[in-house]
Amino acid sequence: MTEVVVKEKKITPEEIPKEKLLWMYKTMLRIRRYEEKTAELFAAGELPGFIHLYIGEEAIAAGIMAALRPEDKITSTHRGHGHMIAKGGSMAKMMAENMGKVTGICKGKGGSMHIADFSIGELGANGIIGAGWPLGTGAALASKLLGLGYVVVCIAGDGAAEQGTFHEAVNLASIWKLPVVYFIEDNEYGMGMPSWPKPGDPRKSKNIKNLGDRGIAYGIPGVTIDGNDPIAVYEAVKAAVERARIEGIPSIIHALTCRQRGHFEGDPQLYRPKEDVEACKKRDPIPRFRKLLIEKGIATEEELKKIEEEVEKEVAEAIEFGRKSPFPDPKEAYTDIYASEPFPEV
Ligand SMILES: Cc1ncc(C[n+]2csc(CCOP(=O)(O)OP(=O)(O)O)c2C)c(N)n1
Ligand SMILES: [Mg+2]
């Protein structure tokens, strides 16, 4: 197996407006604090269902959404809180949703893995691994046929990139010239299965390390990048989205990151070397980006502390909102099951 080759970014922080850089920092932090509280609430029994946390992968959501227009769409995954927050979803309504409350984004009926908000172009988290690839491809086909001008970024994991759906979707998009980007979040694991061999564990779920190379098979651009650097993500997505919007050329972006926590909350990770978790924590994107902002003189300690305080407050308010909201009336269980006519606009 060849070694992984990461494409070096060309863009420097100085070339990006300060506002955007601070937005990326705040977005990463909003996701992190939301997720940390989610872990606490889940452990305390306040959140029902399964919870998959995005801790350590925040640079991806922030970098992708920094490159999108509001009308652009994304498809998300079971690990989708970060995508929703970065795309502009309401943190309070997502908290309520995950608590099963009626004020939730999907009236408390979707929960963490089935959360969606078409009003902000978040076409849905998904409990079915690999389902987002063809769904997003369909939304991109609609954009092209109806001349709607939006681009779709299909975000899913390294495990999802091994599904047949990935290959079918990418092939169709490449021949139909659809405005879509396939974004692979490679957090090195699909449940308990490592992407590549780990110390003492020879298993692997793929025979190549650079999934960006898969673009060659479909005649489209593909790249492997550092997914723990929001600037690298922003640069790659910006280029891919422009190509998709203007020329109808889809792309594959493979971003290297890692999962700091278990696959789901409560996963004892018996399949994973302890050092692997420690190594992952050392790659944490948030302190790294904070350091960069300070060292480059882009932001002051005071500015960042103010952002940090705002985030703490927002998360506390989201929890309060969720807690105060009522559960849905049991009679509501059978409503919203089928799509109403006319179908909601994509
Ligand atoms: C079609 C399908 N097969 C299997 C599963 C069980 N499953 C849930 S999460 C997961 C691993 C997903 O790995 P990856 O795509 O890398 O995402 P990650 O959890 O690492 O973010 C699997 C196999 C599923 N939900 N759907
Ligand atoms: Mg994975």
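All of the numbers you see were taken from the coordinates with simple rules; none came from a lab. Bear in mind that the values here come from a model prediction, so they are computed numbers and not experimental data. When we count neighbours, we look across all protein chains shown, and the Cβ atoms used for this are built from the backbone with ideal geometry, even at glycine.
Neighbour counting of Cβ atoms within 10 Å sorts the residues 183, 118, fewest neighbours leading, into 118, 183. Evaluated at q = 0.12, 0.14, 0.16, 0.18 Å⁻¹, the base-10 log of the normalised Debye intensity for segment 212-300, with identical point scatterers placed on the Cα atoms, takes the values -0.56, -0.72, -0.84, -0.92. Neighbour counts of other Cβ atoms within 10 Å put 146, 68, 270 in the fewest-to-most order 270, 146, 68. Taking all Cα pairs closer than 8 Å and separated by 6 or more residues, the relative contact order of segment 132-220 comes to 28 percent.
Here the convex hull built on the C-alpha positions of segment 1-91 has a volume of 147 cubic angstrom per residue. Direction-averaged projected area, Cα convex hull, the chain: 17.6 nm², rounded to one decimal. Among 117, 186, 276, sorting on how many other beta-carbon atoms sit within 10 Å of each Cβ, with the fewest leading, yields 276, 117, 186.
Listed by chain and number, the aspartates and glutamates whose C-alpha is less than 20 Å from the C-alpha of residue 177, apart from same-chain residues fewer than 8 away, are 71, 72, 168, 213, 242, 247. Normalising the average separation of contacting C-alpha pairs (under 8 angstrom, six or more residues apart) by the number of residues puts the relative contact order of segment 209-296 at 27 percent.
Radius of gyration over Kirkwood radius for segment 63-165, both on Cα atoms: the Rg/Rh ratio is 0.97.
Top mean-square fluctuation among 319, 64, 253, Gaussian network model of the chain, C-alpha springs under 10 Å? Among 319, 64, 253, the largest GNM mean-square fluctuation belongs to 319.
Considered as an equivalent ellipsoid built on the Cα gyration tensor, segment 115-173 has semi-axes of 20, 15, 7 Å, the largest given first.
In this entry, segment 280-330 is assigned a mean projected area of 5.8 nm², taken as a quarter of its C-alpha convex hull surface. Sorted from greatest to least, the principal axis extents spanned by the alpha carbons of segment 158-271 come out as 47, 29, 23 Å.
Projecting the Cα atoms of 75, 12, 49 onto the charge dipole of segment 9-90 (Cβ charges, centred on the Cα centre) puts 12 farthest toward the positive pole. Rounded to the nearest 5, the antiparallel percentage of DSSP beta bridges internal to the chain is 15%.
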